[in-house]
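One structure below.
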Amino acid sequence: MDGNASLLLSIIVYVAVAVTTVVYAVLVRKAKLADPILQFVFFLSLFVLPLPVRACMTVDVEGDVTDHLLELMPYLPEAVFLTALALGLFVLTYYSRVGIVVGDRLPKVQGGPRWRLAFVLLALLSLFLIIQLATSAGGLMGFLLLGYKATAETVGKGYLAMGFTWLFVASMFLLYGYAIERKKWQLISFVVVFGAVVLIHLVLARRGAILYMGLAVWLFWHHAVRPIKTRSLIIPGIICFVGLNVVGVLRNSAYEGFDDLWARTTRSWDSQSNSGLGHAFVYTLTTGEFVVPFETFPQMIESVGSTVSPELGMTYIRAPLQVIPQALFPGRPLPLANWYMQKFYGGGYDFNEGRAFFFLAEGYLNFGIVGVIMTALLWGIALGGLQRYALVSAESPGSCLLYALTVAYIGSAISGEAISVVVALPETSLVAAGLGLWITRFGSRRKETVLLGSQLAPQS
């Protein structure tokens, strides 16, 4: 079969499996947009389809499209077919009894009333970490004015850079307070603090973080405050997608001041307007980050067993080592994103430069097709367990917070290696949320003991 014909057929098969999955989940299983299965299908398709669809139309290299596209073309159809197979297997275990058992056994978190204390302490700790990170850039303002290039300052300092996400988690305790007490001032406080956090990330052009935060807020509100109808999300979703694309086009670095930031952003907008804004609104789907991760899958299909030896599970075993700061462990194994750059693009790249490594590609790197199957089955069990956890923990804002922060991370986990789930998610969000929920319980046990004692005391 002709290469383009087989690629087109693989895309049709994948789309058919994805559509069937959505129809089955919505019509038969009554799934909602906020459910993990629909989030998974959406983000999986977002990272799988752009590169193959583009390759059907052109093999021109532009933007972030890989220089190896022609070399990878013969392996793209197999990668798409295997992803369709993985999606089908994912659905089987997502709705299996195993996922229900996992969800039932996950700990239910009962937060306490001290959400103000949790917010204050987490915010102070977050600001301390951020200020320590910014010291080498001349202070917080100097760090922010680095703009898009601020990521270079975080190399080897991930334990400090997590202060940015911890600050967002701190703001979530204002929304947590609103979910418990429903006072308008709590909601207003959250909007103000969350807006400030988003503004910081806009200056730094951290679009992935902004998307993550927005998804987490939506999921928490949907489960802990009030359900949101899907049709109410269509227009805001489109606006956010277009807006984040525009941020990527306009981003700059090394600003001399906030006046310079505004001036250079305005010039970039004028330049894009003159050349046509159509491409700027959707470039992530054609030449941006959504065409990047999937390239690693056909590359592994071509290379494993020939120029690359199977890892046989070692990438998963090494993943927890990334929790150790590089300053303490200079010989720490490279993440796959950096290893991939060195192996297939040569040297000369900084540590903060890498190609996002598709989660099924890591499965293939370890165990070939069997690794892809195992990854799909385990993901189905994990997300099925999360869905069950949401159902049995609906009355607990604390559990809803942990659930929202985890499900919002699905997109990042799909486009990343095991480190994303094993290290990045706990380190950046779940540890902070767990700490905050523990703080909300300060004094609760003592009060419960006093109440119990007064009830048991003999009456005179």
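The values are calculated or read from the model by the stated rules, or taken from the named source; none is laboratory data. What you see is a predicted model, and the numbers here were worked out from it, not measured in a lab. When we count neighbours, we look across all protein chains shown, and the Cβ atoms used for this are built from the backbone with ideal geometry, even at glycine.
For G138, all conditions in the list (1) crowded, with 20+ Cβ neighbours inside 10 Å; (2) more than 20 Å from R206 (Cα to Cα); (3) not hydrophobic (A, V, I, L, M, F, W, C) hold save one; what is the number of the exception?
Condition (1) is where G138 drops out.
For A205, work out the one condition from (1) part of a helix (DSSP H, G or I); (2) without any contact (Cβ under 8 Å) to a residue 60 or more places away in the chain; (3) in contact with a Phe, Trp or Tyr (Cβ under 7 Å, 6 or more places away or on another chain) it doesn't fulfil.
(1)
Would you tally the residues in segment 44-57 being within 19 Å of S6 (Cβ to Cβ) and either modelled with pLDDT under 90 or among the aliphatic types (A, V, I, L, M) (or both)? Full working, then the answer.
Start the filter on segment 44-57 by keeping residues that are within 19 Å of S6 (Cβ to Cβ), which leaves 48-57.
Now drop any that are not either modelled with pLDDT under 90 or among the aliphatic types (A, V, I, L, M) (or both), which leaves 48-49, 51, 53, 55, 57.
Total meeting the criteria: 6.
Looking at L49, is it of a type outside the set (V, I, T) and out of contact with any helix residue (DSSP H, G or I) (no Cβ under 8 Å at 6 or more places or on another chain)? I'd like the intermediate steps shown before the answer.
Details: of a type outside the set (V, I, T): yes; out of contact with any helix residue (DSSP H, G or I) (no Cβ under 8 Å at 6 or more places or on another chain): no.
Against the criterion (of a type outside the set (V, I, T) and out of contact with any helix residue (DSSP H, G or I) (no Cβ under 8 Å at 6 or more places or on another chain)), L49 does not qualify.
Which count do you get for residues in segment 313-328 that are free of Cβ contacts under 8 Å to residues at least 40 places away in the same chain and either farther than 17 Å from G156 by Cβ or surrounded by 13 or more Cβ atoms within 10 Å (Cβ to Cβ) (or both)? Steps first, answer last, please.
Restricting attention to segment 313-328, the residues satisfying the condition of being free of Cβ contacts under 8 Å to residues at least 40 places away in the same chain are 317-318, 321, 324, 328.
Subset that is either farther than 17 Å from G156 by Cβ or surrounded by 13 or more Cβ atoms within 10 Å (Cβ to Cβ) (or both): 317-318, 321.
Residues in segment 313-328 being free of Cβ contacts under 8 Å to residues at least 40 places away in the same chain and either farther than 17 Å from G156 by Cβ or surrounded by 13 or more Cβ atoms within 10 Å (Cβ to Cβ) (or both): 3 in total.
Confirm whether S45 is in a helix (DSSP H, G or I) and either aromatic (F, W, Y) or within 23 Å of the chain's Cα centre (by Cα) (or both).
Working: in a helix (DSSP H, G or I): yes; either aromatic (F, W, Y) or within 23 Å of the chain's Cα centre (by Cα) (or both): yes.
For S45, the condition - in a helix (DSSP H, G or I) and either aromatic (F, W, Y) or within 23 Å of the chain's Cα centre (by Cα) (or both) - is met.
Looking at G346, G371, G380, which is the one that is surrounded by fewer than 19 Cβ atoms within 10 Å (Cβ to Cβ) and either farther than 23 Å from P325 by Cβ or not small (G, A, S) (or both)? Even if it seems obvious, please write down each step before you answer.
Values: G371 fails: surrounded by fewer than 19 Cβ atoms within 10 Å (Cβ to Cβ); G380 fails: surrounded by fewer than 19 Cβ atoms within 10 Å (Cβ to Cβ).
One residue alone meets the criteria, G346.
What is the one condition in (1) loosely packed, with under 13 Cβ neighbours inside 10 Å; (2) over 14 Å from L365 (Cβ atoms) that Y283 does not satisfy?
Every condition holds for Y283 apart from (1).
What do you reckon, is T83 surrounded by fewer than 18 Cβ atoms within 10 Å (Cβ to Cβ) and in the same structural domain as S415 (by TED's automatic domain parsing)? Explain how you work it out, then say what you get.
On the way: surrounded by fewer than 18 Cβ atoms within 10 Å (Cβ to Cβ): no; in the same structural domain as S415 (by TED's automatic domain parsing): yes.
No: the conditions fail for T83.
Residues checked against (1) under 30 Å from L328 (Cβ atoms); (2) under 22 Å from the mean Cα position of the chain (by Cα); (3) of a type in the set (K, R):
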site	(1), (2), (3)
S126	yes, yes, no
Q132	yes, no, no
G139	yes, no, no
K149	yes, yes, yes
G156	yes, yes, no
A161	yes, yes, no
I180	no, no, no
V197	yes, yes, no
A205	yes, yes, no
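Which of (1) without any contact (Cβ under 8 Å) to a residue 40 or more places away in the chain; (2) of a type in the set (K, R); (3) closer than 21 Å to L328 by Cβ does R97 not meet, given it meets every other one?
Evaluating R97 over (1) without any contact (Cβ under 8 Å) to a residue 40 or more places away in the chain; (2) of a type in the set (K, R); (3) closer than 21 Å to L328 by Cβ leaves (3) as the failure.
Restricting to segment 124-154, and then to whatever is in contact with an Asp or Glu (Cβ under 9 Å, 6 or more places away or on another chain) and of a type in the set (G, A, S), can you tell me which residue is farthest from V246 (Cα to Cα)?
Among them, the one singled out is S136.
Can you say whether A170 is of a type in the set (A, V, I, L, M), at pLDDT below 95 and either within 19 Å of L401 (Cα to Cα) or surrounded by 18 or more Cβ atoms within 10 Å (Cβ to Cβ) (or both), as far as the supplied structure shows?
Values: of a type in the set (A, V, I, L, M): yes; at pLDDT below 95: no; either within 19 Å of L401 (Cα to Cα) or surrounded by 18 or more Cβ atoms within 10 Å (Cβ to Cβ) (or both): yes.
Considered against the rule, which asks whether it is of a type in the set (A, V, I, L, M), at pLDDT below 95 and either within 19 Å of L401 (Cα to Cα) or surrounded by 18 or more Cβ atoms within 10 Å (Cβ to Cβ) (or both), A170 comes out as no.
Among the residues that make up segment 116-126, is at least one of them at pLDDT 90 or above, of a type in the set (F, W, Y) and part of a helix (DSSP H, G or I)?
First, the residues of segment 116-126 that are at pLDDT 90 or above: 116-126.
Filter again for of a type in the set (F, W, Y), leaving 119.
Pick out the ones that are also part of a helix (DSSP H, G or I) and you get 119.
Yes, that holds for at least one residue.
Tally time: how many residues in segment 394-419 are in a helix (DSSP H, G or I), small (G, A, S) and crowded, with 23+ Cβ neighbours inside 10 Å? First the steps, then the outcome.
If we filter segment 394-419 for residues that are in a helix (DSSP H, G or I), which is where we start, we get 397-407, 410-414, 418-419.
Among the residues that remain, those that are also small (G, A, S) are: 398-399, 404, 411-413, 418.
Within this subset, residues satisfying the condition of being crowded, with 23+ Cβ neighbours inside 10 Å are 398-399, 404, 418.
The qualifying residues number 4.
Would a scan of segment 218-235 turn up a residue that is among the small types (G, A, S), in the same structural domain as G147 (by TED's automatic domain parsing) and surrounded by 17 or more Cβ atoms within 10 Å (Cβ to Cβ)? Spell out how you get there, then give the answer.
Residues of segment 218-235 that are among the small types (G, A, S), as a first pass: 224, 232.
Now restrict to residues that are in the same structural domain as G147 (by TED's automatic domain parsing): 224, 232.
In the following step, the residues that additionally are surrounded by 17 or more Cβ atoms within 10 Å (Cβ to Cβ) were identified as 224.
Scanning segment 218-235, I find at least one residue that is among the small types (G, A, S), in the same structural domain as G147 (by TED's automatic domain parsing) and surrounded by 17 or more Cβ atoms within 10 Å (Cβ to Cβ), so the answer is yes.
Condition first: among the aromatic types (F, W, Y) and either surrounded by 21 or more Cβ atoms within 10 Å (Cβ to Cβ) or assigned to a helix (DSSP H, G or I) (or both). Now tell me which residues in segment 86-111 satisfy that.
Result: F90, Y94.
Can E181 be described as among the acidic types (D, E) and in contact (Cβ under 8 Å) with a residue 24 or more places away in the chain? Lay out the reasoning, then the answer.
Values: among the acidic types (D, E): yes; in contact (Cβ under 8 Å) with a residue 24 or more places away in the chain: no.
Criteria not met by E181.
Note down all Cβ pairs under 7 Å where the first residue falls in segment 60-81 and is over 19 Å from V372 (Cα atoms), the second is charged (D, E, K, R) and part of a loop (DSSP other than H, G, I, E, B), and they're at least six residues apart or on different chains.
Cβ pairs passing all conditions: V61/D67.
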